[in-house]
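K.L.:
Sharing a structure here in structure tokens format.
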Amino acid sequence: MLILTAFIIAALVVVAQIAGQRRAATLAGDEPQSLHSRPIYHGLKSALWTGLVGFSILIVASVVSRQLIDTQLRASLPTDVQGYADIKKDRLISDAKAVGDGDIVSAPLDEGYKTARDALAQDYLGLKTLREWGISIGTVLASLAALFLTYRGIHRESRARNSSERIIRGGLFVSAGIAILTTIGILFSLLGETIKFFSNVPFYKFLFGTHWSPLSGVFEGVVDENTVGAIPLFAGTFMITGIAMLVAVPIGLMAAVYLSDYASPRVRAWAKPLLEILAGIPTVVYGFFAAITVAPLIRGSGEALGLSVASESALAAGFVMGIMIIPFISSLSDDVINAVPQSLRDGSYGLGATKSETITKVVLPAALPGIVSAVLLGISRAVGETMIVVMAAGQGANLTWNPLEAVTTVTVQIVALITGDTEADTAAGPAFALGFTLLCITLILNMFALRIVQKYRMRYE
Amino acid sequence: MNVVTEQEQIANTMIQAKQQSAETQYKIVSKNVDVFYGNKQALSGVTFNAHANEVTSLIGPSGCGKSTFLRCVNRMNDTIPICRVEGEIWIDGQDIHAPELDVVELRARVGMVFQKPNPFPKSIYENIAYGPRIHGLTKDKSELDELVTVCLKRAGLWGEVKDRLEEPGTGLSGGQQQRLCIARAIATQPDVILMDEPCSALDPIATARIEELMHELRENYTIMIVTHSMAQAQRVSQRTAFFHLGELVEYGETEQVFRNPTDERTESYISGRIG
Amino acid sequence: MDQTSHQSAKPGAPSVHRTSAAQGRLKKRYRIEAWFKACGMLAVGLACAALIWLLSSVVGKAVGGMTETYITLPVTFDKAEIDPKGSGDPKVIRGGNFSGLIKTSLRGAFPFIKKRRDKLALYKLTSNGAELELRHRAMNDPSIIGTTQTIRLLASDDVDLYVKGYEGELRTLAHSGTATPVGMSGNVKVRVDANAFQAALEKAKEELRRKADALRQQAQREERAIGVFEGRIKALPDDANPDLRSQYESRITAYKSRRDTLMRNAQEFEKRANTDGGRELLSPSLPSYFVFINGGVIKVETVSPNMIEGQALVPLSSEVPAGATDWQLKVNPTSESGRRIGDKQATWIEVLRANGKVETNFNWRFFTASDSREAETAGIWSSAAGSFWTMLITFFLSFPIGVAAAIYLEQFAPKNRITDFIEVNINNLAAVPSIVFGLLGLAVIIEFIGNDIFGEQLRSTALAGGIVLALMSLPTIIIASRAAIKAVPPSIKEAALGVGASNEQAVFHHVLPLAMPGILTGTIIAMAQALGETAPLLMIGMVAFITEVPTSPLDNASVLPVQIFRWSDFPERAFEMRTAAAILVLLVFLVIMNTIAVLLRKRFERRW
Ligand SMILES: Nc1ncnc2c1ncn2[C@@H]1O[C@H](COP(=O)(O)OP(=O)(O)O)[C@@H](O)[C@H]1O
Ligand SMILES: [Mg+2]
């Protein structure tokens, strides 16, 4: 129904464009110059207004009316269920809606619940019909009105181009604002659950606790504050990230040095695309590679040496993650190494320094801030990386220094909590708290990296 | 209510227009124009009047504000966020800063040719047809074709490009590109053409062609040209304005400015002592 | 500064750089130089090696998934089983007992299989997919009901693996002598007038030695325990509880007797292993030996140099002695316990194969079928369609919004705090981990906007996935578009403004078209990233098992990478191969997209 309405509005937009254009052309007659704006702009203005009015009312009304229905349903709960706990009320309402929508519903709790639910479903159906018809008719009428008014407003002197350009500029601004909206959305969605979580759990127990098994101590939908210590996750994340950086930084950095200062153009021409391919491989593929190829290999060779290696060892996940980050480090370092002015290199060569001396004593120190920032960004990538660890690292929290054991990470636990079978409301708390922590870590790393790069730029320009 | 204010406004504009016409039949009138880039003042108190169907050249050492003044006339300076223009400029008795004036319309009336030829990376035809198209100057394709032909002929380019109108304008030589830009400027049927050092990137032969062109165009247009070549100023212009450090130092008939300048700064400049 | 070096630099004296010490230093410096360069080469080489390793590991695993195995058998479309009343109504036919048809046909091919357990094993040779195909066929063409057709039945994944040789390949061993079978079915002995089975016997003896070793090791552990307790007894004080002492002693006796048994057994095994001849058992952890003779197949269970004994998996036709060329000894080097296909099933497959009834074809089904719990019928079509819808939504949201935002920031935005803030924001958004976008999607799209913004369920739909991926791609597209717009020289825009174009016209008519190749390149790269993205989609519930091909963005959908993730969790080897094959498909798409991006960049690269 509402989708149909959207299509009707779209059709009206087309009509407005054509009608407006026609009318302006007719007005102009044989003297196109007598119009302030060309006919196409008269059409555009009409079309933009029609669409703007129609779609914005449609979207706002859809969202708002849904909330209204919820409020209304809650208010009209039968008296005999007024005593239900909030969770149960929520479930009753969502079940009633599901019945109304004809979706699959879980079995009712008891007879009273069922009658209440079915009665509520009736209410809901009524409201739903009202909502859909109301919104549809309302928006279409409003669009028609906009079409009509703009059509009537077409005359030779009207500055249709200026007005439509103003709308377009507004649209551009709104588009740029979506970035901000996304950030706000992320912050709010994470903060909402996180704050709720920390109202039950003191934050130091979360940040410094060493026992993580959040769903084992759940009581009436509230987690036990003693089982949500995230230190093992931080430690696991840290270890895997560390292994990844041990692989990625030397290889990535040396590759960048070689490609920018040693390699012939021919070598560069094929080596760079190869690195780009490495960068373009989806992480789920790396995860598969880690789980199916690398982990068994590491396990096998460890056993040959008489070491006991977990099949989901931190080493395997970290190693593959390192491979994933190599191109990241190398391309960022390549940029900063290339940005070191040739004059510095020339100065060093002029004193009779060899290439490697020039690089290690002049180029790399000059590029150091950029390289540090590349490494920070790499760390931030590794910390937030999900699929490799979900597929190749462990599930159980394990506080250890041994990279041959299985450890778990922040991202793995988020995925496990959200995709697990637990009641969504219970799992959301720790998951969103972890997500928020993750966001903070990556943002701080990113800010640092950007800050360093900015300072560095200033020195050379 | 509304009607009254509207009438009042019209009345006001008419009065102003009358006052303006009292200042004779000048095409472009500038009164006390100050221009600031941020805190830096680039022009101060520039006042002068350009006559219709004449070529006015603006001369002066680099950085004295010639281009800045030129860009005030078609409000190109609006596109520089930090730039602030004060004072008044009138064209044909109309204040170009009047709120009801549409800057786009102004720029259609006041064409501009830039220092570096900047044809659109499109076909020669499209380069010229673009202006008429966006302003809706022609009814149909044949009219547009004709307009393109006329403009190319006016700009003296027709013979060279008539067989390759669909080729990109960027493929022409520098001089040809600049003439294409002139053709593009006159295609919107302006009254005024502003040229900012149009020949500085060209060789002498191409320069000569453009100067010739200016002579021809003068019959129909008012032209204002910035040039670094004193010789060129003397060859093409009827009047000359000498700018120095953001001030209009001297303005008068070209002959007079070059023969016996009243200001000593002018004299030093034309004799090559400053600049 | 070193005083002496200054002195030696006076005119006439040899340069400090020509002394032998300097020459030595120089040599060392060049060694470091060479070493450094080698390190760089090594780094590039390692990165490339990692890529090649990854790709070859995926391709190597995917090869098996690219073909599928069929068993060709005559199938009688029994009217009584499918459509007893002869209605020809597809609805009736749909309910027909097609698995019964296949079972009958399989039994027909192996009439000697009588035991219930064997029959069940036999039925496992074909896949459920075969049944679906028969049903399809009968529904499309009811006229075949009542006839017998030769039909290629899809083999089960285990059979498929065996046929492709992942479960060991049957090898024929050289032998000599005339073999005489005793018995035709059930337990059969084969006697040969030469030592034909020496090799098999050796295998059995090796096993014995291994066992003996293991026993000895166990015995050693017992020995150590004895030592421990003896030590404890010694350490006991004289006035210690006598009970404790006797308890310890009894423990020691028990350990000792166990040790002795172990040692005896070990010795016996070794003796058996070290004496020639004899008769030994071939355990299931050893390679499987088969004797093919007189049309039958015997699985070797006990072996001596010139005789074997075992079950006839396929009955023999006679007990006539067979000459050296008329019987064969075959071995599957993979032991039965290491295989998913038992010796019986393997033998049946070999029989079918010998009759030309087994064929392996290119696996088109993999590309046209939907997801399935059975590896042999699982395909990627549903998830590819899901990816398509998701990408469609992502593109149509992120491209216009991203380009519009870039245009605004580059061409219209005033230089002020808000603009700066937006810029910083976009840079930071680009660094936010994808999983956080998934949480955003979970919280906002599903909880806040709700399930029914347009009266439709949003969770697990391509629409929800598309929105989340669009938000994620936005920063990339904005950053790339801004760079592309910035690269268009301002003189072009000035020219347009100069002929009286409005700011908007100048941008949309001139700047944007010129920036478009760069914008598209950035967008394609962002789309490629989104196409491979998994984590955020897991968050919004796109992990469901979807067998229906989504036909609109509002249908529940899965996407290729998520399917890869889910399949990679299945333990079956057949799924591993298909996972790799699905990865290959995904990589092909990504390579195509990136190639287009590179070509676009090359083709329209413009130096102003
Ligand atoms: N976009 C700008 N931003 C800041 N200052 C400018 C800008 N354009 C010109 N200026 C300054 O204004 C003064 C006049 O410049 P201009 O009019 O270009 O001189 P010219 O006479 O050489 O054409 C110069 O000092 C120049 O530095
Ligand atoms: Mg200038």
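K.L.:
Considering only residues that are within 11 Å of chain B (Cβ to nearest Cβ), among the polar types (S, T, N, Q) and either open to solvent by 10 Å² or more (accessible area, probe 1.4 Å) or assigned to a helix (DSSP H, G or I) (or both), which ones fall in the range C:481-513?
P.N.:
Result: C:Ser491, C:Asn503, C:Gln505.
K.L.:
Filter the range B:179-200 down to the residues that are open to solvent by 10 Å² or more (accessible area, probe 1.4 Å) and under 13 Å from B:Gln115 (Cα atoms), then identify the one that is farthest from ligand 2 (Cβ to nearest atom).
P.N.:
The extreme case among them is B:Arg179.
K.L.:
Go through the residues of the range A:381-401 one by one and say whether even a single one is more than 30 Å from A:Asp86 (Cβ to Cβ), among the aromatic types (Phe, Trp, Tyr) and at pLDDT below 85.
P.N.:
There is no residue in the range A:381-401 that is more than 30 Å from A:Asp86 (Cβ to Cβ), among the aromatic types (Phe, Trp, Tyr) and at pLDDT below 85.
K.L.:
Quick check on the range B:81-92. Is at least one of its residues in contact with a Gly (Cβ under 7 Å, 6 or more places away or on another chain) and either closer than 15 Å to C:Ala495 by Cα or away from every other protein chain (no Cβ under 13 Å) (or both)?
P.N.:
No, that holds for no residue.
K.L.:
Could you check the range B:61-84 and list, in sequence order, the residues that are surrounded by 19 or more Cβ atoms within 10 Å (Cβ to Cβ) and more than 6 Å from ligand 1 (Cβ to nearest atom)?
P.N.:
Hits for the range B:61-84 are B:Phe69, B:Leu70, B:Arg71, B:Cys72, B:Val73, B:Asn74, B:Arg75, B:Met76, B:Asn77.
K.L.:
Whether any residue in the range A:158-167 is more than 14 Å from chain C (Cβ to nearest Cβ), within 30 Å of C:Glu504 (Cα to Cα) and part of a loop (DSSP other than H, G, I, E, B) is what I want to check.
P.N.:
Looking for residues that are more than 14 Å from chain C (Cβ to nearest Cβ), within 30 Å of C:Glu504 (Cα to Cα) and part of a loop (DSSP other than H, G, I, E, B), one finds at least one in the range A:158-167, hence yes.
K.L.:
Filter the range A:301-321 down to the residues that are over 30 Å from C:Val588 (Cα atoms) and not small (Gly, Ala, Ser), then identify the one that is least open to solvent (accessible area, probe 1.4 Å).
P.N.:
Of everything passing the filter in the range A:301-321, A:Val309 is least open to solvent (accessible area, probe 1.4 Å).
K.L.:
Please work out which residue is farthest from the other protein chains (Cβ to nearest Cβ), limiting yourself to the range C:28-64 and to residues that are hydroxyl-bearing (Ser, Thr, Tyr) and open to solvent by 20 Å² or more (accessible area, probe 1.4 Å).
P.N.:
Going through the qualifying residues, I end up with C:Ser56.
K.L.:
Looking only at the range C:379-424, filter to residues that are within 7 Å of another protein chain (Cβ to nearest Cβ) and in contact with a Pro (Cβ under 9 Å, 6 or more places away or on another chain); which one of those is modelled with the highest pLDDT?
P.N.:
C:Pro414
K.L.:
Among the candidates A:Ser356, A:Ser343, which residue alone is closer than 30 Å to C:Val16 by Cβ, open to solvent by less than 10 Å² (accessible area, probe 1.4 Å), free of Cβ contacts under 8 Å to residues at least 12 places away in the same chain and in the same structural domain as A:Ala263 (by TED's automatic domain parsing)?
P.N.:
Result: A:Ser356 is the single residue among A:Ser356, A:Ser343 that is closer than 30 Å to C:Val16 by Cβ, open to solvent by less than 10 Å² (accessible area, probe 1.4 Å), free of Cβ contacts under 8 Å to residues at least 12 places away in the same chain and in the same structural domain as A:Ala263 (by TED's automatic domain parsing).
K.L.:
Something else: Would the range A:329-336 turn up any residue that is part of a helix (DSSP H, G or I), out of contact with any Leu (no Cβ under 7 Å at 6 or more places or on another chain), of a type in the set (Val, Ile, Thr) and over 30 Å from C:Lys27 (Cα atoms)?
P.N.:
So far as the range A:329-336 goes, yes, one or more of its residues are part of a helix (DSSP H, G or I), out of contact with any Leu (no Cβ under 7 Å at 6 or more places or on another chain), of a type in the set (Val, Ile, Thr) and over 30 Å from C:Lys27 (Cα atoms).
K.L.:
Further question on the same structure: For the range B:214-228, state whether one or more residues are of a type outside the set (Lys, Arg), within 16 Å of ligand 2 (Cβ to nearest atom) and either open to solvent by 70 Å² or more (accessible area, probe 1.4 Å) or out of contact with any Ser or Thr (no Cβ under 7 Å at 6 or more places or on another chain) (or both).
P.N.:
Yes, the range B:214-228 contains a residue that is of a type outside the set (Lys, Arg), within 16 Å of ligand 2 (Cβ to nearest atom) and either open to solvent by 70 Å² or more (accessible area, probe 1.4 Å) or out of contact with any Ser or Thr (no Cβ under 7 Å at 6 or more places or on another chain) (or both).
K.L.:
Another question, then. Could you tell me which of the residues B:Arg235, B:Arg209 is at pLDDT 90 or above, of a type outside the set (Asp, Glu) and more than 16 Å from ligand 2 (Cβ to nearest atom)?
P.N.:
Residue meeting the stated conditions: B:Arg235.
K.L.:
Any idea how many residues of the range A:332-388 are farther than 19 Å from A:Arg451 by Cα and small (Gly, Ala, Ser)?
P.N.:
Here the count works out to 9.
K.L.:
Looking at (1) assigned by TED's automatic domain parsing to the domain that holds A:Thr71; (2) touching a residue at least 24 places away in the same chain (Cβ under 8 Å); (3) open to solvent by 40 Å² or more (accessible area, probe 1.4 Å), which one does A:Phe198 not meet, given that it meets all the others?
P.N.:
The single condition A:Phe198 does not satisfy is (1).
K.L.:
Okay, next question. For the range B:149-192, enumerate the residues that are among the aliphatic types (A, V, I, L, M) and part of a helix (DSSP H, G or I).
P.N.:
Hits for the range B:149-192 are B:Val150, B:Leu152, B:Val161, B:Leu180, B:Ile182, B:Ala183, B:Ala185, B:Ile186, B:Ala187.
K.L.:
Sticking with this structure for a sec: Out of all the residues in the range C:581-595, which are under 19 Å from the mean Cα position of the chain (by Cα) and either β-branched (Val, Ile, Thr) or not in a helix (DSSP H, G or I) (or both)?
P.N.:
C:Ile583, C:Val585, C:Val588
K.L.:
Looking at the range A:246-259, is at least one residue assigned by TED's automatic domain parsing to the domain that holds A:Leu377 and either under 22 Å from C:Ala535 (Cα atoms) or not in a helix (DSSP H, G or I) (or both)?
P.N.:
No, the conditions are met nowhere in the range A:246-259.
K.L.:
Criterion first (within 12 Å of chain A (Cβ to nearest Cβ), open to solvent by less than 30 Å² (accessible area, probe 1.4 Å), among the aromatic types (Phe, Trp, Tyr) and touching a helix residue (DSSP H, G or I) at 6+ places or on another chain (Cβ under 9 Å)) does C:Phe570 satisfy it?
P.N.:
Criteria not met by C:Phe570.
K.L.:
Next question. Only one of these is away from chain B (no Cβ under 14 Å) and within 30 Å of the chain's Cα centre (by Cα): A:Gly83, A:Gly54. Name it.
P.N.:
A:Gly54
K.L.:
Just need a number here: residues in the range A:256-300 that are surrounded by fewer than 19 Cβ atoms within 10 Å (Cβ to Cβ), closer than 16 Å to C:Lys37 by Cα and within 7 Å of another protein chain (Cβ to nearest Cβ).
P.N.:
Of the residues in the range A:256-300, 1 are surrounded by fewer than 19 Cβ atoms within 10 Å (Cβ to Cβ), closer than 16 Å to C:Lys37 by Cα and within 7 Å of another protein chain (Cβ to nearest Cβ).
K.L.:
Follow-up question, since we're still on this one. Taking the range B:200-236, which residues are closer than 29 Å to B:Gly87 by Cβ and within 16 Å of ligand 1 (Cβ to nearest atom)?
P.N.:
Once the filter is applied, which keeps residues that are closer than 29 Å to B:Gly87 by Cβ and within 16 Å of ligand 1 (Cβ to nearest atom), the range B:200-236 yields B:Ser200, B:Met224, B:Ile225, B:Val226, B:Thr227, B:His228, B:Ser229, B:Met230, B:Gln232, B:Ala233.
K.L.:
Continuing with the same structure: Regarding the range B:232-241, can at least one residue be identified that is part of a strand (DSSP E or B) and surrounded by fewer than 23 Cβ atoms within 10 Å (Cβ to Cβ)?
P.N.:
Taking every residue of the range B:232-241 in turn, at least one turns out to be part of a strand (DSSP E or B) and surrounded by fewer than 23 Cβ atoms within 10 Å (Cβ to Cβ).
K.L.:
Might you let me know whether the range C:505-525 holds any residue that is touching a residue at least 24 places away in the same chain (Cβ under 8 Å) and under 29 Å from the mean Cα position of the chain (by Cα)?
P.N.:
yes
K.L.:
Assuming A:Ala374 fulfils every condition listed in (1) crowded, with 19+ Cβ neighbours inside 10 Å; (2) among the small types (Gly, Ala, Ser); (3) modelled with pLDDT under 90 apart from one, which condition is it?
P.N.:
Every listed condition holds for A:Ala374 apart from (3).
K.L.:
Among the residues of the range B:38-60 satisfying the criterion of being in contact with an Asp or Glu (Cβ under 8 Å, 6 or more places away or on another chain) and near ligand 1 (Cβ under 10 Å from one of its atoms), which is farthest from B:Thr227 (Cα to Cα)?
P.N.:
B:Gln41
The values are calculated or read from the model by the stated rules, or taken from the named source; none is laboratory data. Note that this is a predicted model, so its numbers are computed, not measured. With ideal geometry, Cβ positions are generated from the backbone for all residues, glycine too; neighbour counts draw on all protein chains shown. Accessible surface is based on the protein model in full, side chains and every heavy atom, while ligands, DNA and RNA are left aside. Shrake-Rupley method; radii C 1.70, N 1.55, O 1.52, S 1.80 Å.
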